[in-house]
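In what follows, a structure is listed as structure tokens, so that the remarks can point back to it.
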Amino acid sequence: MAESFLYFTELLNLPVYDLKHRRIGRVRDAALVPLVHQSRVDRFLVGAGSSWLSVRYDQISAIGLSGIQLSDEKLFPYHSDEYMLRINRDLLDQQIIDVNGRKVVRVNDVTFELQRVPGFEQPFDQIYIKEVDIGLRSILRRLLQGAVPRKMIRRLQQPVAPNSIPWDFCNIVEADPQRRLRLNISHDKLELMHPADLAEIVEELGPAEREAIFETIDSEVAAEALSEMDSKTQASILESLEPEVAADIVEEMSPDEAADALGELEEETSQEILEEMEQEDKTEVSELLEFEEDTAGGLMNTEYMSLPDTATVADAMVMLRENEELLENLNLILLVDADGRLTGAVHLARLFLAAGETLLKSLAQDPLISAPVDMPQERVTELFDKYNIFTLPIVDKQRVLSGVITADDIISVLRQK
Amino acid sequence: MAHLLKRFRYHIAIFFAVIGPGFITAVVDNDSGGIVTYSQAGARWGYLPLWTLLPITVVLIITQEMCSRMGAVTEKGLSDLIREEYGLRVTFVMMTLLVLANLTNIMAEFAGIASSLELFHVSRYISVPICAFAVWFLAVKGNYRSVEKVFLFACVVYVTYVISGFLVKPDWKEAAIYTVKPVLMLDASYINMLIGMVGTTIAPWMQFYLQAAVVEKGVTAKEYAESRIEVIVGCLMTSVIAFFIIVACAGAIWAVHPRDINDGKEAALGLKPFGEYAVLLFAAGLFNASIFAASVLPLSTAYSVCEGMGFESGVNKTFREAPVFYWLYTLLIGVSAGVILMPNFPLFKMILWSQVLNGILLPFVLIFMILLINNKRLMNEWTNSRAANAIAWLTVVVMIGLTLALVATSIKGMGNAAG
């Protein structure tokens, strides 16, 4: 055959001939055995009479549009094999994730690459999955398949632009963990995506697939992706996971987001998840859970840095070095007295201009802007607008520092309206 | 006790969170075609047809409940599920029929807009283009949540029918009796009317729309109990409104002189002896119903088709990202609105065609729904109970019978219209 490719729609129903060139049946499906090879078609399932035969790739000498020629006579009847990824049954018409294009797509057809391999006695043909076809061209093939000769379909489809995804970028989502192992399906590729893209993709999938992804990917990536979703979706995902898995993910989220997500759940479920969390995260999150959702307390998080108001710039530098993980979103250092009451706030940038022995107190912003935990979120938003601030310290009734609200929390609030 | 109260509050909160899809579907069901059918039934047969509303409500609840359950459990649309379970060819045929049927449905909606606003002395050459653009703009540029709020508000406008029902002072005793007393007559036009009532109340597009809306709303299997209540309340509302339309036309037109009416405008004008308000309220209701359905149908069609065929879809995507979706959506509106403005367009014939297409499609949709909802792999413990299946299959058989009859009479009607 001159062409070096073959579509699955063409492979389907292709006649299969034995050594004496008698037709023994037609191709009903083809399967990969991913544990052996990720893209080679390993088995051809051939319908012969009322039963199916299983033909291994090395029992074939030639594959072409006019049929498949076998090189071996010892064929076995097909019985369901758990290690097979069957193209017709498991891939066609199903949704897969295009990791590169960052979207969920539906498989219309599959393009194989045809390779002639030099064998021990004579060369033989093998096919490998090259790409998964989506879009109009493959729809046309599916509609005409069987009704119009294969060669004619190839000609008819010419004017329509192809639309395909390389097999390497395809991620199959398998909900059943056992099958996932047997078929060697991993969701590693998903971890390379931006969490926001991953979040969008996951929202398009059904609950079982969603659960499968969140159970298998790294909990840090899962937490980041989860943070990008609205709290209702977060809740439905957390609910569907085992409490231990959910707890691992929630621990990786920032405490305020974790509290928001858990707040959406029924109390029983959120308690179960909290039970599974490590003590430190658990206390922080359960404290935040106490506050009403639409008040300063409900918005704030506990990722801030505070020092006694007797501390110097040098002390602050030491503390910054010790808490590198906080640096990314930090722009205020908060000062508290011996009882933990908020007394001042210093802009991070000020530290660079001051000598090491300078008292932090002398650099504090004036006036000190803070808000009580029960302030309604509308008022909080107004404060951010009025004073053009990025971080707002939140205090309880005794003026003890309880947390901070940052500008990104406010943006989420505004976007929800 | 406090715990119980808290649980109760939680369920109430969920009920309000899931409200929307069921109400909207049920109410859009009383679209321009529905109103004409009910008005015609009341004007020609008085209170006699009222008894059909009870069985229609039961069937409506059963089909709608199945859709919303499938949406909540699988979180996939009906066209998605058909594609995944039955392949591309079946989906393609169903989607082609759905587009054709819905196109004619949308034409009927724009006809409803034109004739209702003409009662307010607005020319159709002004009203139809403006409404078409507004409908297009609302979905493309608005966001789903605000669109849904507009829709939910529009549901309230249906109260106008209840008021016009009271304004014409119908014979409530008669109405009450015939609501529960079935009357069967071997009269061709009476049977025709019955078929029409069922046909307009249970349409294929509703199943696709409701399931998609439940998925879009993010209702989960856990919140399903609340969603079911919403669907049932919505279905009851549909029937209550239908009841008042029939009663209004029975009291105003049939009581004076039983006759046939052909469009909503005629029905509204029939209310004239009972004051200008009765007419205006009826017309306002017709306009609301038509523009409501005209907003929902094109969008729902574009979504179903694109999801089933695997094209990018969604109003949050750009034109370049989802070209098929936007083209289909725009064409459905453009063609339907354009057709209404064409002089001498055989609209009446098109509406008959739409009934035929709906009729051909509906049994398939219902059968696929029953097969899908009994698929353990998809539905887990949420498959139909044996009793629900029995009723559902019975519904299918009755619907197929009625539909065949409807198709037959519609084709006959087309022959007559042509002759």
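Taken together, the values in this text are just the output of simple stated rules run on the coordinates, not laboratory data. This is a predicted model, so every value here is computed, not measured. Ideal geometry is used to build each Cβ from the backbone, glycine not excepted, and the neighbour counts take in all protein chains shown.
Length gained on full extension, A:S80 to A:K20: 18.7 nm, using 0.36 nm per residue less the C-alpha separation. Size descriptor for chain A, Kirkwood hydrodynamic radius: 25.8 Å (Cα pairs only, one decimal).
Only Cα sites of chain B enter the Debye sum here, all with the same form factor; the resulting log10 I(q)/I(0) across q = 0.06, 0.09, 0.11 1/Å is -0.23, -0.53, -0.80, listed in q order.
In this structure, the amide hydrogen of A:V395, modeled 1.01 Å from its nitrogen in the peptide plane, lies closer than 5 angstrom to those of A:A371, A:V373, A:S402, counting only residues at least 5 positions away or on a different chain. Here the Karplus relation 6.51 cos²θ - 1.76 cosθ + 1.60, evaluated at θ = phi - 60°, turns the backbone of segment A:69-75 into coupling constants of 9, 7, 10, 9, 9, 7, 9 Hz, with x for every Gly and Pro. Distant-in-sequence amide contacts of A:D29, defined by a placed amide H-H separation under 5 Å and a gap of 5 or more residues or a different chain, comprise A:L45.
Here the Karplus curve 6.51 cos²θ - 1.76 cosθ + 1.60, taken at θ = phi - 60°, turns the phi angles of segment A:48-63 into couplings of 10, x, 8, 10, 10, 9, 10, 10, 7, 4, 8, 9, 10, 9, 9, 10 Hz, with x standing for Gly and Pro.
The modelled label-to-label distance between B:I126 and A:F5, using points 7 Å beyond Cα along the C-beta direction, is 5.7 nm. Relative to the longest principal axis of the Cα atoms of chain A, the long axis of helix A:243-252 lies at roughly 60 degrees.
Structure remark: mean-square fluctuation, Gaussian network model of chain A, C-alpha springs under 10 Å; the largest value among A:M300, A:M193, A:M319 belongs to A:M319. The Cβ shell under 15 Å around B:A41 holds other residues with a net charge of -3, Lys and Arg each +1, Asp and Glu each -1. Relative contact order, whole percent, for segment A:5-166 stands at 21, derived from Cα pairs under 8 Å and 6 or more residues apart. Roughly speaking, what is the centre-to-centre gap between segment A:7-66 and segment A:202-235 when only Cα atoms are used, to the nearest Å? The two parts, judged by their Cα centres, are 39 Å apart. Note on A:Q271 and A:H347: the extension gain reaches 23.6 nm, defined as 0.36 nm multiplied by sequence separation minus the Cα-Cα distance. Where a ≥ b ≥ c are the square roots of the eigenvalues of the C-alpha gyration tensor, would you call segment B:277-419 rounded, which needs a/c under 1.5, or, failing that, prolate if a/b is larger than b/c, or oblate? Here segment B:277-419 falls in the oblate category. Spin-label model, A:E121/B:A390: points 7 Å from Cα along the beta carbon direction are separated by 6.5 nm. Annotation: amide H of A:V336 within the under-5 Å range of A:L307, A:D309, A:T343, sequence separation 5 or more or interchain, hydrogens built in the peptide plane. Look at the Cα gyration tensor of the protein assembly as shown: its axes a ≥ b ≥ c give a/c of at least 1.5 with a/b at or below b/c, and that counts as oblate. Could you tell me what percent of the DSSP beta bridges with both partners in chain A are antiparallel, to the nearest 5? Bridges in chain A are about 90 percent antiparallel. Springs between Cα atoms under 10 Å define the GNM used for chain A, and in it the highest mean-square fluctuation of A:N301, A:N108, A:N388 occurs at A:N388. Put in line by how crowded their Cβ is, counting other Cβ atoms within 10 Å and starting with the fewest, A:S80, A:S402, A:S362 read A:S80, A:S362, A:S402. Using a cutoff of 8 angstrom between alpha carbon atoms and counting only pairs six or more residues apart, the relative contact order for segment A:306-416 works out to 24 percent. Compute the angle between helix A:267-276 and the longest alpha-carbon principal axis of chain A, please, reported from 0 to 90 degrees and rounded to the nearest 10. Compared with the principal axis, the helix lies near 90 degrees.
Over the protein assembly as shown, DSSP H runs of length four or greater, each weighted -39,500 (n - 2.57), average out per residue to a 222 nm ellipticity of -18500 deg cm²/dmol. Per-residue HN-Hα couplings for segment B:120-129, Karplus 6.51 cos²θ - 1.76 cosθ + 1.60 at θ = phi - 60°, whole Hz, x for Gly and Pro? The phi angles translate into 9, 6, 10, 5, 5, 6, 9, 5, 5, x Hz. Highest mean first, the peptides A:249-258, B:328-337, B:20-29 sorted by other C-beta atoms within 10 Å per residue fall in the order B:20-29, A:249-258, B:328-337.
Note on chain A: Lys pairs 8 or more places apart or on different chains, Cα atoms under 25 Å apart, count 13. Kirkwood-based Rg over Rh for segment A:306-416 (C-alpha set), two decimals? Using only Cα positions, Rg/Rh for segment A:306-416 is 0.97. Between helix A:195-204 and chain A there is an angle of about 60 degrees, using the helix long axis and the longest principal axis of the Cα atoms.
The mean sequence separation of alpha-carbon pairs under 8 Å and at least six residues apart, normalised by the residue count of chain B, gives a relative contact order of 35 percent.
When the C-alpha to C-alpha distance is required to be over 30 Å, the pairs from B:K181/B:K222; B:K149/B:K181; B:K141/B:K376; B:K149/B:K222 that qualify are B:K181/B:K222; B:K149/B:K181; B:K141/B:K376.
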